[in-house]
Amino acid sequence: MYQLRQNKTGPLGIFHELFGDRLSTDNFIQFFTNGVRKGTNTYLLSEIYRAPHLADVILEEYGVREKLKGNVMLTLPEPAYDIPIFMFQLGGNETQKIALLDISPTLPDLDYSPLIPTFEKYRALLNVPPSRLEWVNSICSPYLLHCQYDTLDTALFLEATREYLKIWIEHYYLPGKPIARQEDQACALDRIYRFKEVLHANDPAYGIFAKAWGKPLADAFFYLETQSNPALPMPD
């Protein structure tokens, strides 16, 4: 059987180190495309996995016109389980970074006590202010670490990423269980849908990729990232 080589470079190596043995590597999606305009590349390598109780695990490397590059890690739970979303992005250029690290709730009573000391530690060390982006705040927890086109100690941010991921695995993923009440199931389904909807409505990636690759390939990227339950409708 032909086996695609997994991308375990850079920050994605942290995820593979801590969680990789739970990923379904016999049946996963690997999507790559690159567009060249005026001698510059805009590319995306996206790997989408399943894992027990997770609808999607999205691991990405991207680059935009030689100006920006970065990585994304995103875990979307099956709506029937009480597992929150792990969300990471680190990108930008040498002087300005885009960074986001959070454990986003799908139920309103999530206990954040395991995360709070780590959040407080790295918020102080990184000296990052609260997020000023309304759409980001609407889908993230109060314990979000966020940088929007500013200077950032990326090595320290990756230390925080490792700690957040460990906490997500040990305190939220491994103890995850089926949601018993139908009302809570409906709440989780709605929150996951809204998370995906708000994220993709505000993420410039689709427009950038449509311009670089053409709409059919950008549509394929959008579909692969959003087709799991609860699925988003395709863009107009």
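Laid out as a table, the results:
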item	result
Matching residues, region 153-183, being in contact (Cβ under 8 Å) with a residue 60 or more places away in the chain, within 30 Å of G92 (Cβ to Cβ) and aliphatic (A, V, I, L, M)	L158, L165, I167, I169
F32 touching a Phe, Trp or Tyr at 6+ places or on another chain (Cβ under 9 Å), surrounded by 17 or more Cβ atoms within 10 Å (Cβ to Cβ) and in a strand (DSSP E or B)	no
Region 125-142: number of residues that are in a loop (DSSP other than H, G, I, E, B), farther than 16 Å from P84 by Cα and not aliphatic (A, V, I, L, M)	5
Scope region 45-63; condition within 23 Å of E94 (Cβ to Cβ) and out of contact with any Asp or Glu (no Cβ under 7 Å at 6 or more places or on another chain); matching residues	E60, E61, Y62, G63
Output for region 143-185, where each listed residue is under 17 Å from the mean Cα position of the chain (by Cα) and outside any helix (DSSP H, G or I)	Y143, L144, L145, H146, C147, Q148
Which listed residue is modelled with pLDDT of 95 or more and either small (G, A, S) or part of a loop (DSSP other than H, G, I, E, B) (or both), from A218, A188	A188
Which numbered condition P84 fails, given (1) surrounded by 24 or more Cβ atoms within 10 Å (Cβ to Cβ); (2) of a type outside the set (V, I, T); (3) over 18 Å from I192 (Cβ atoms)	(3)
Any hit, region 43-52, residues being under 20 Å from F221 (Cα atoms), at pLDDT below 90, of a type in the set (S, T, Y) and in contact with a helix residue (DSSP H, G or I) (Cβ under 6 Å, 6 or more places away or on another chain)	no
Number of the exception - N229 against (1) outside any helix (DSSP H, G or I); (2) more than 23 Å from F88 (Cβ to Cβ)	(2)
Top-ranked residue in region 184-213 [being small (G, A, S) and without any contact (Cβ under 8 Å) to a residue 40 or more places away in the chain; ranked as surrounded by the most Cβ atoms within 10 Å (Cβ to Cβ)]	A210
Any hit, region 94-109, residues being under 17 Å from the mean Cα position of the chain (by Cα), assigned to a loop (DSSP other than H, G, I, E, B) and either more than 16 Å from H171 (Cβ to Cβ) or of a type outside the set (D, E) (or both)	yes
Residues that are closer than 15 Å to F221 by Cα and either out of contact with any Phe, Trp or Tyr (no Cβ under 6 Å at 6 or more places or on another chain) or modelled with pLDDT of 90 or more (or both), drawn from region 53-63	D56, V57, I58, L59, E60, E61, Y62
Qualifying positions in region 11-50 - over 15 Å from the mean Cα position of the chain (by Cα) and of a type in the set (G, A, S)	G20, S24, G35, G39
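Table: residues versus (1) touching a residue at least 60 places away in the same chain (Cβ under 8 Å); (2) over 28 Å from R194 (Cβ atoms); (3) part of a strand (DSSP E or B); (4) of a type in the set (S, T, N, Q).
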| residue | (1), (2), (3), (4) |
| --- | --- |
| I14 | yes, no, no, no |
| E17 | no, yes, no, no |
| V36 | no, yes, yes, no |
| I48 | yes, no, yes, no |
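Residue-by-condition table, conditions (1) of a type in the set (S, T, Y); (2) out of contact with any strand residue (DSSP E or B) (no Cβ under 6 Å at 6 or more places or on another chain); (3) under 21 Å from D82 (Cα atoms):
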| site | (1), (2), (3) |
| --- | --- |
| Q185 | no, yes, yes |
| Y193 | yes, yes, yes |
| L217 | no, no, no |
| Q227 | no, yes, yes |
| P230 | no, yes, yes |
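The values are calculated or read from the model by the stated rules, or taken from the named source; none is laboratory data. The model shown is predicted, which means the values in this text are computed figures rather than measured ones. Neighbour counts are summed over all protein chains in view; Cβ atoms, including those assigned to glycine, are modelled from backbone coordinates with ideal geometry.
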